[in-house]
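Below: one structure, written as structure tokens.
Taken together, the values in this text are just the output of simple stated rules run on the coordinates, not laboratory data. Note that the coordinates shown come from a computational prediction; the quantities given were computed from them, not determined experimentally. Don't worry about glycine lacking a Cβ; one is built from the backbone with ideal geometry, like all the others, and counts go over all protein chains shown.
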Amino acid sequence: MKHKDALDVLQNIYGYDQFRGQQAEIIDTVIDGNDALVLMPTGGGKSLCYQVPSLVRKGTGVVVSPLIALMQDQVDALRALNLNAVFINSSLSQQQIRETERALLCGEVDLLYVAPERLLMPEMLQLLDQSDISLFAIDEAHCVSQWGHDFRREYLALDVLHERFPEVPRLALTATADQRTREEIVRNLSLADAACFISSFDRPNIRYAIHEASNARDALLNFINDNHKNDAGIVYCLSRKKVEDTAKWLEERGKTALPYHAGLDADTRANHQSRFLREDGIIIVATIAFGMGIDKPDVRFVAHLNLPKSVEAYYQETGRAGRDGLDASAWMSYGLQDVINLRSMMQSSEADEQHKRVEQNKLESMLGLAELNTCRRHALLAYFDESVDNRCGNCDNCLVPPETWDATEAAQKALSCVYRTGQRFGVNYLIDVLIGKDVERIRRFGHHQQSTFGIGEDRSAAQWRALYRQLIARGFLSVDVGGHGSICLTESARPVLRGETPLMLRKLNTNKSSSSNSKRKQQARAIAPENKKLWERLRNLRSTLSDGKPAYVVFTDNTLAEMVEQKPMTSKQLAAVSGVGKHKLEKYGDAFIEVIQDYEMYADMETDCESDA
Ligand code: ADP
Ligand code: ZN
């Protein structure tokens, strides 16, 4: 790289050996005073792209972030590196704000975090006029896009930075990949001349698994117990009620699960978020309102109990797992009702025609991903116009290729049952007719005398449900919104009905736990069994030292894992561990070395006389 002082900063302050991916190039570009647009997946290492140039260039780096609630944590993490990081927001007193302004004017501040609405206040802009600014970092830059789901009006006005501070380099950063958002960022923030850095959006450490389950909650509990027993995770549900119910249900089964949704008061939300960040092994059950910008690096799993509305949303939400690069899971369970709900939601949408078509396409892609028989990662990345090998080896379909069956004949029966009963009924009724159930309602409509009555006796109701789900997901059937979820045939059902198109479908997974993860147990952290005890001790030490701040502010799991492996017993050895910079070595080094020495000295004795739980 061009600027060697940037590498010095990385090694001495952060304790990392080398830059990753495009970091070096990006940092060089900004140090030279140029603008940059950075698209990198979550966990890719965006923060260093603006932090390092801020430290190398003269003046304060100004970070624009919409996430006021997280500024304290971001600043704490930088202060733990002995950097002078500050934020200005409404949580500060007038006195604190004045003190921060003074420090800024004196050039004492390395990094300043502000929300856009604060930055745009005339007095703030005047303050910046009088200060020495090294760069502007516009974090979560996709908030400037009106198409995305995180649009914030204030972001549009950030264009003023370009006019008012033409000499100061600007970096826009986001983990949102699609072309449309990218174009809008460039246009709305006047970044036409910016160098554009687009990283691969693959997250190889995340294992994707999506499957159907009639009892999603039980499947979730099995998945957690089998793979992530004491790990932190996020469980997404669509409704507030389901969030509350699921959290309570998990609590009753011995998990620490906290609800999070917009209906809870601000204090409760803040408290739950803070516990999630600070304590180990907490599960947050949330609506999508939770998670943007959450910097917690060691979220080990993200689970969905409903289908998200789009592949973008799925990618963003699952992306919150495994930011530290260690193994993590993205797990989803969905059922017939999800497919019906989403389909009818789209059909009843009040949006204009064009917008509706966009929504419809997004939904189709999500359903396609869910019903897929081949590599999930391949499909996910193809959605973002990125091509990778056909088999990733780290998704459910690659690990245990799904069995398929020739569903042509069964599909004909299912479809003709819809037709013969007049396209007026929901799935439950149709299944009753197919399996020939003797119920009053069927007699009342006279459907017990029809040719389709009982022609599906050979299959179980659950199998028919799965088949209807697949037929709806593939668009052979549509859901009539006005008619209480009654099912109708679509044009594309014709060739199937006539037997012109053979239909190969995925077999219903009858295995109770139905999680391919449980077959091949995922080792979340590569901690060897003989090192588990030391690992736990170092984690305990870390929480003692963290003093109410998130534990990763002291050291990340990655750094602890390396310590456990290398067992450094001197300051010099410890300094060689990734993530141990000068300041942290001084501050925490002795405490960690002491625990490791102690452990090494008594390790043999302990394994002899203790039985490890
Ligand atoms: P993003 O903001 O893109 O989601 P972060 O900036 O939070 O990602 O980085 C994710 C993790 O990777 C952090 O724990 C960070 O310290 C670590 N990291 C970033 N760059 C490097 C590097 N060059 N070497 C080692 N670790 C790194
Ligand atoms: Zn795969």
(request) Within region 1-100, list the trypsin sites (Lys or Arg not before Pro) lying in a DSSP loop whose Cβ has at most 16 other Cβ atoms in a 10 Å radius. (result) Lys2, Arg20, Lys58
(message) Below 8 Å, C-alpha to C-alpha, sequence gap of six or more: please give me the relative contact order for region 243-386 in percent.
(response) 18
(message) I need the shape label for region 206-399. Rule: rounded when a/c is under 1.5, else prolate if a/b > b/c, else oblate, with a, b, c from the alpha carbon gyration tensor.
(response) oblate
(request) Divide, for region 158-294, the radius of gyration over alpha carbons by 2.2 N^0.38 Å, where N is the residue count. (result) 1.40
(request) Towards the positive end of the charge dipole of the chain, with charges on Cβ (+1 Lys, Arg; -1 Asp, Glu), say which of Tyr468, Asn82, Ala157 has the farthest Cα. (result) Tyr468
(request) Would you order His583, His261 from fewest to most other beta-carbon atoms within 10 Å of each residue's own beta-carbon? (result) His583, His261
(message) Can you tell me how region 101-219 classifies by the Cα gyration tensor, rounded, prolate or oblate, using a/c under 1.5 as the rounded cut?
(response) prolate
(request) With r as the distance between the Cβ atoms of Ser578 and Asn205 and R0 = 25 Å, compute the FRET efficiency 1/(1 + (r/R0)^6) and round to 0.05. (result) 0.95
(request) Note down the net charge around Leu92, summing +1 for each Lys or Arg and -1 for each Asp or Glu among other residues with Cβ under 14 Å from its Cβ. (result) +1
(request) With everything on Cα atoms, drop me the angle between helix 532-546 and the longest principal axis of the chain, reported from 0 to 90° to the nearest 10. (result) 60
(request) For n ≥ 4 DSSP H runs only, could you compute -39500 (n - 2.57) per run for the chain, divide by its residues and tell me the 222 nm figure to the nearest 500? (result) -13500 deg cm²/dmol
(request) Determine the distance separating the Cα centre of region 215-268 from the Cα centre of region 62-132; give it in Å without decimals. (result) 35
(request) Treat every Asp and Glu Cβ in region 365-507 as -1 and every Lys and Arg Cβ as +1, leave all other atoms uncharged, and give the resulting dipole magnitude about the Cα centre to the nearest 20 debye. (result) 420
(message) Can you compute the FRET efficiency between Ser543 and Glu251 using 1/(1 + (r/R0)^6), with r the Cβ-Cβ distance and R0 = 30 Å? Round to the nearest 0.05.
(response) 0.85
(request) May I ask you to list the GluC sites (Glu not before Pro) in region 59-159 that are in a DSSP loop and have at most 13 other Cβ atoms within 10 Å of their Cβ? (result) Glu108
(message) At a threshold of 8 angstrom on Cα-Cα distance, excluding pairs fewer than six apart, so keeping six or more, what relative contact order does the chain reach in percent?
(response) 14
(request) Count the net charge of all other residues whose Cβ sits under 13 Å from the Cβ of Glu594, scoring Lys and Arg as +1 and Asp and Glu as -1. (result) -1
(request) Please give, to one decimal in nm, the separation of the simple spin-label points placed at Arg79 and Val388, each 7 Å out from Cα toward the Cβ. (result) 3.8
(message) How would Cys398, Cys488, Cys49 line up from fewest to most surrounding beta-carbon atoms within 10 angstrom?
(response) Cys488, Cys398, Cys49
(message) Expected output is a single nm value to one decimal: the length gained when fully extending between Lys58 and Phe445, i.e. 0.36 nm times separation in residues minus the C-alpha distance. What is it?
(response) 131.2 nm
(request) Please label the shape of region 190-270 as rounded, prolate or oblate, based on the square roots a ≥ b ≥ c of the eigenvalues of the alpha-carbon gyration tensor (a/c under 1.5 means rounded; beyond that, a/b larger than b/c means prolate, else oblate). (result) oblate
(request) Tell me the label-point distance for the pair Gln179, Gln95, using the 7 Å Cα-to-Cβ offset, in nm and rounded to one decimal. (result) 5.7
(request) Mind jotting down the three principal axis lengths of the chain based on Cα atoms? Whole angstrom, largest first. (result) 88, 70, 45
(request) Kindly provide the trypsin sites (Lys or Arg not before Pro) of region 318-427 that DSSP labels as loop, not H, G, I, E or B, and whose Cβ sees at most 15 other Cβ atoms within 10 Å. (result) Arg391, Arg424
(request) Could you tell me which of the pairs Lys229/Lys255; Lys58/Lys296; Lys229/Lys532; Lys413/Lys437; Lys309/Lys356 are separated by over 19 angstrom between their Cα atoms in the structure shown? (result) Lys58/Lys296
(message) Using a 7 Å offset from the Cα along the Cα-to-Cβ direction at both Glu279 and Asp17, what is the distance between the two label points in nm, to one decimal?
(response) 3.8
(message) How much length would be gained if the chain were fully extended between Asn361 and Thr404, taking 0.36 nm per residue of separation minus their Cα-Cα distance, in nm to one decimal?
(response) 12.9 nm
(request) Considering the options Ala551, Gln347, Val311, tell which one lies farthest towards the positive end of the dipole of the chain, charges being +1 on Lys and Arg and -1 on Asp and Glu at the Cβ, about the Cα centre. (result) Gln347
